[in-house]
Each structure stands twice: as C-alpha cells, then as structure tokens.
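Reading through the structure tokens given below for one structure.
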Amino acid sequence: DSRTIRKIVDIDDRTSLAFAGLNADARVLIQHLRMEGQSYRLTMEDAPTVDWLAKHVATLQQRYTQSAGVRPFGIATLIAGISNDSPYTRLYQTDPAGTHSRWKAQVIGGRNAKSLREFLEQHYDASKTEEQVVKLAVQALLEVVDSGAKTMQMCVIREKGVKHTFTQEEIEAVVSVIEA
C-alpha cells in the first residue's frame, strides 16, 4: 500500500527529512528529532535552524555508532528547510557514521548513489527555476526506478518554509514530459 511507507516526513512547519534505510530506525530518529525540536522551541522561543537539526541528528547517529550495547542507526538522511537566519533553503546530508554536510543537490541510498551524484554535478545549476529543478530530480530518479512515478515521492520547500508534496498525478505529468 503506497500510503503506508513514506520516505519524506515533516519535522516541523519549515523542515522536512527524507531517509534511505531501515524504516524502524527512521521512526525512532524522527520521533527523537521532533521532540528535540519542540524542546528547542520552548527553550529558545524560536524554531530550530536546519543547521541545528542536522547537527543534532548527526550527533545522535555518531553516539550510537560508538556506544557499547547499541547498534548504529541504519539510515542516511537528507534534511531540508528554511531557517530563521536565512531566506534560502538549506540541504544537509547525514550518514550512519554521524557525519553531516551541506549540499546544493544530493542523493542518498542505493547502489546507484554515486552515479546519480555525478548526474547532479553535471546537470544542476543554481540558476534553474523550480520547474527545471523538479524535472532534473525526476530525471535522476528515473535512472534508478523501474516502475516510473508509482514509487516516487517528492517535496519542494519554497520561500518562508512553504512545503508542497507532489501528488502521484503531478509526478506522472513530469514523467510524461520527460519521456516525450
């Protein structure tokens, strides 16, 4: 059932997280991150920045990597959102080892991540419009997805943290434009 597994989830009103890996680990990490984000908001009286959220996830993943008696989280994440200190969207990647890094475009998961990263390096340009970037993302996903738009999930974060999650029909429309 396509409604049961979501790989893109909201952390707060201006931040989303996409993950690749074990769903159970992701649920634990997402719940922890949401609680820490709420705690930050209560303490600081302001929303947590995307930078802080990414660093917090990476620190937790790193702690589980080195602690005895627990196993590392088996997920890599992409955290995207708008921070209070900047009007621009920020994108961070974390991995199970606990490292985090900031990117303009990035992919995670699977055997083909390296080839998709090279594809993005060749074709991504910061001057592209939202429509062009969405088309590029779908092209990259079509390189590794066999079933077309059926298994794709996409979310765009616009100015002021406005998020738009694409419906199946919207993704299929982009796929048909690419295939034409």
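The values are calculated or read from the model by the stated rules, or taken from the named source; none is laboratory data. What you see is a predicted model, and the numbers here were worked out from it, not measured in a lab. Here the Cβ is made from the backbone with ideal geometry for all residues, glycine too, and neighbour counts use every protein chain on show. To get the accessible areas, we keep the full protein, side chains included, count just its heavy atoms, and leave off ligands, DNA and RNA. Shrake-Rupley method; radii C 1.70, N 1.55, O 1.52, S 1.80 Å.
For THR129, what accessible surface area do you get with a 1.4 Å probe? Give it in Å², rounded to 10.
Rounded to the nearest 10, that gives 70 Å².
Among all the lysines, which ones have a C-alpha under 24 Å from LYS104's C-alpha, if same-chain residues fewer than 8 places away are not counted?
The qualifying lysines are LYS7, LYS55, LYS114, LYS128, LYS135, LYS160, LYS163.
State the percentage of accessible surface on region 108-180 attributable to carbon and sulfur atoms; use a 1.4 Å probe and exclude ligands, DNA and RNA. Write down the numbers at each step before the final one.
Values: 2330 of 4910 Å².
Roughly 47 percent of what the probe reaches on region 108-180 is carbon or sulfur.
In vacuo Debye scattering of region 54-180, one point per C-alpha: log10 I(q)/I(0) at q = 0.20 Å⁻¹?
-1.26
For the pair ALA173/GLU130, report the inter-label distance in nm, with labels modelled 7 Å from Cα in the Cβ direction.
In this crude spin-label approximation the distance works out to 1.3 nm.
Under a point-charge model restricted to the Cβ atoms of Lys and Arg (+1) and Asp and Glu (-1), what is the dipole moment magnitude of the chain relative to its Cα centre, in debye to the nearest 20? Please report the intermediate quantities before stating the final value.
On the way: 22 positive and 23 negative charges, 107 e Å.
It works out to roughly 520 debye.
Answer rounded, prolate or oblate for region 55-126, using the Cα gyration tensor with square roots of eigenvalues a ≥ b ≥ c: rounded when a/c is under 1.5, else prolate when a/b is larger than b/c, else oblate. Could the numbers behind the result be given before it?
Numbers: a/c = 3.74, a/b = 1.39, b/c = 2.70.
Taking the square roots of the gyration eigenvalues as a ≥ b ≥ c, region 55-126 is oblate.
Choose one of HIS164, LEU136, THR94: the residue whose Cα lies farthest towards the positive end of the charge dipole of the chain (beta-carbon charges +1 Lys, Arg; -1 Asp, Glu; about the Cα centre).
Ranked along the dipole, the leading option is THR94.
Leaving ligands, DNA and RNA out of it, rank PHE73, PHE119 by accessible area with a 1.4 Å probe, largest first.
Details: PHE73 15, PHE119 35 Å².
The residues order as PHE119, PHE73, largest area first.
Given a 1.4 angstrom probe, what's the average accessible area per residue across the chain, in square angstrom? Write down the numbers at each step before the final one.
Numbers: 10880 Å² over 180 residues.
Roughly 60 Å² per residue, with all protein chains present.
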